[in-house]
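Input: a single structure, listed below in structure tokens.
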Amino acid sequence: MLIDERWILAALRHRTFFSFSEPNQVIHELLIRLNNRKFRKLNTTRTHLFETLEKPTPMPLPSQPFHLA
């Protein structure tokens, strides 16, 4: 998470935006690039790991709502 945040902020640091939608669009594009980049020590991407490990096995929602104690 920290690596993602630093990588995106570094890419945005010298840019000027004139609306709220501009940085959102750029962040979206940067996230796609980051998720499709291979890890240094693994021969895979974040997108591939999500598609193969997490997406096929979602956990069901709890049957009872959470109550703050």
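Just so you know, all these numbers are worked out from the coordinates, no wet-lab data involved. Just so we're clear, the structure is a prediction, and the values are computed from it rather than from any experiment. Cβ coordinates were reconstructed from backbone atoms using ideal geometry, including for glycine residues, and neighbour counts include every protein chain displayed.
Relative intensity of the chain on a log10 scale, I(q)/I(0) at q = 0.16 Å⁻¹, equals -0.77, per a Debye sum over C-alpha point scatterers of equal strength in the absence of solvent. Between S21 and N35, the distance separating the two model label sites (each 7 Å from Cα on the Cα→Cβ line) works out to 2.2 nm.
Between the Cα long axis of helix 21-35 and the first principal axis of the chain there is an angle of about 70°, rounded to the nearest 10. Principal-axis analysis of the Cα atoms of the chain puts helix 2-12 at an angle of about 30° to the longest axis.
For the chain, what does -39500 (n - 2.57) per DSSP helix run (n ≥ 4), summed and divided by total residues, give at 222 nm, in deg cm²/dmol to the nearest 500?
Mean residue ellipticity, 222 nm, calculated: -13000 deg cm²/dmol.
A simple spin-label model places pseudo-atoms 7 Å from Cα toward Cβ; at S63 and L49 they are separated by 3.4 nm.
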